[in-house]
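Report on the following structure.
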Amino acid sequence: MLSAREKELISEIWERLTPVAEDIGAEALLRMFATQPGSKTYFSHLDISPSSAHLRSHGQKIVLAIAEGAKDISQLAITLGPLQTLHAYQLRIDPTNFKFFSHCMLVTLAAHMRKDFTPVAHAAMDKYLSAFAAVLSEKFR
Amino acid sequence: MVKWTDEERKVISSIFSNLDYDDIGPKALRRCLVVYPWTQRHFSSFGDLTTAAAIMKNEKVAAHGTKVLHGLDRALKNMNNIKATYTELSILHSEKLHVDPDNFRLLADCLTITIAAKMGESFTAATQVIFQKFLCVVVSALGKQYH
């Protein structure tokens, strides 16, 4: 359950990070691939080595989607409609990976935002990313 | 027995030798209580935990955070047998404190994020792998005596 203040905080943070979406996204993915090697199995068709073009563009795509959703969290199911279909019927990613990615995204945010990634911001962000993952996997079954 | 490379031992020992326990311990525990409010169930005698602001100011939380972080020293000093090192603490948390062992994982995640915020970009993916391996072994050892 996200409060109005939390929604504001989340939307502010993602707006600030949109210009560095590539960096943030690539780093989060890299952290996930390092800590959860099983997650790499979904990317066998791409070059996901550090600083590869694929890694950066894919990271950017993910962060921009998360940032877009943050603009109006109450509309997540509508905003994510097409991505829901993609993930359910084409990508078919085991949903535990969303948790691993969320954790690595939080670590990335902490490393970038340092003191500004306060416990309150962390709590709000964790809630948002959980909600995002839940909506994304709604069509899985 | 968990195997540690020289590199892993070096990285872990470096992180801890650069830590201010009185700063990081409280930060990690406060973060856990704020981000995962249900963990507050074990701290009803600690006074006001009703808001994030209250948690951040609470002296008992701070003191306990320092204590818990020092608890990791035991693992540092006994890397070759972390499981045996935590037998007593595991029994304590299971039979006396009745703490759901999943809470150890939550606190470990909060500690990781606290360290990431402290180290910034020097908390690389490679460092994260090593640090998480260490915490994972500790968390597993703490859960071993739950029957």
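Starting with the fewest neighbours, write out A:Y89, A:Y42, B:Y86 ranked by other beta-carbon atoms found within 10 Å of each beta-carbon.
Ordered by Cβ neighbours within 10 Å, fewest first: A:Y89, A:Y42, B:Y86.
If you place +1 on the Cβ of every Lys and Arg and -1 on the Cβ of every Asp and Glu, how big does the dipole about the Cα centre of the protein assembly as shown come out, in debye to the nearest 20?
For the protein assembly as shown, the charge dipole is close to 520 debye.
Using label points projected 7 Å from each Cα along Cα→Cβ, tell me how many nm separate A:F140 and A:T18, to one decimal.
Once both label points are built, they end up 3.0 nm from each other.
Round to the nearest 0.05 the FRET efficiency obtained for A:K115 and A:A53 when R0 = 51 Å and r is the Cβ-Cβ distance.
Numbers: r = 33 Å, r/R0 = 0.64.
About 0.95, to the nearest 0.05.
Could you give the C-alpha radius of gyration of the range B:6-58 expressed as a fraction of 2.2 N^0.38 Å, taking N as the number of residues it contains?
Ratio of Cα Rg to 2.2 N^0.38 Å: 1.47.
Across the range B:90-105, in residue order, what do the Karplus-derived ³J(HN,Hα) couplings come to in whole Hz, using 6.51 cos²θ - 1.76 cosθ + 1.60 with θ = phi - 60° and x for Gly and Pro?
Using θ = phi - 60°, the values come out as 5, 4, 4, 5, 7, 8, 9, 8, 6, 9, 4, x, 5, 5, 5, 5 Hz.
How far is it, in nm, from the label point at B:S17 to the one at B:N80 when both lie 7 Å from their Cα along the line to the Cβ?
2.0 nm
For the range B:45-92, what percent of Cα pairs sit more than 18 Å apart? Intermediate values should be presented prior to the final figure.
On the way: 522 of 1128 pairs.
Summing the P(r) tail past 18 Å for the range B:45-92 gives 46 percent.
Could you list B:V129, B:V34 so that the one with the fewest beta carbons within 10 Å of its beta carbon is first and the one with the most is last?
B:V129, B:V34
Quick one: Debye curve from the C-alpha atoms of chain A, no solvent, what's log10 I(q)/I(0) at q = 0.09, 0.14, 0.18 Å⁻¹?
Per q value, in the given order, log10 I(q)/I(0) is -0.25, -0.62, -1.07.
Measure off 7 Å from each Cα along the Cα-to-Cβ vector at B:A126 and A:T96, then give the distance between these two points in nanometres to one decimal.
If labels sit at B:A126 and A:T96, their model points lie 2.8 nm apart.
Ratio of alpha-carbon Rg to the 2.2 N^0.38 Å globular estimate for the range B:1-143, to two decimals, please.
In units of the 2.2 N^0.38 Å rule of thumb, it is 1.03.
I'm a student and want to see the number: the projected area of the Cα convex hull of the protein assembly as shown, averaged over all directions, in nm².
15.8 nm²
When the scattering of the range B:65-135 is computed by the Debye formula from its Cα atoms alone, each counted once and equally, what is log10 I(q)/I(0) at q = 0.17, 0.18, 0.20, 0.27 Å⁻¹?
Rounded to two decimals, the profile gives -0.73, -0.81, -0.98, -1.38.
On the principal axes of its Cα set, how long, how wide and how thick is the range A:57-119? Give whole Å, largest value first.
39, 25, 23
For B:S90, B:S13, what's the fewest-to-most ordering of other Cβ within 10 Å of each Cβ?
B:S13, B:S90
Within the range B:1-108, which trypsin sites (Lys or Arg not before Pro) sit in a loop by DSSP and count at most 13 neighbouring Cβ atoms inside 10 Å?
Answer by residue number: B:K3.
Using r as the Cβ-Cβ distance of A:S130 and B:A53, and R0 as 22 Å, what FRET efficiency do you calculate, to the nearest 0.05? Please list the in-between numbers first.
Values: r = 24 Å, r/R0 = 1.08.
Using R0 = 22 Å, I get an efficiency of 0.40.
When the helices in the protein assembly as shown are scored as -39500 (n - 2.57) per DSSP H run of 4 or longer and the sum is shared across all residues, what 222 nm value do you end up with, to the nearest 500 deg cm²/dmol?
So the helix-based figure for the protein assembly as shown works out to -20500 deg cm²/dmol.
What lysines does B:K57 reach when the alpha-carbon gap must be under 25 Å and sequence neighbours fewer than 8 apart in one chain are set aside?
Here the lysines satisfying the reach criterion relative to B:K57 are A:K7, A:K115, A:K127, B:K27, B:K67, B:K118.
Any read-out appearing in this document is the output of simple, stated calculations on the displayed coordinates, not a laboratory observation. Quick caveat, the model's predicted, so the values are computed rather than measured. A quick note on method: Cβ atoms are made from the backbone with ideal geometry, for glycine too, and the neighbour counts reach across all protein chains shown.
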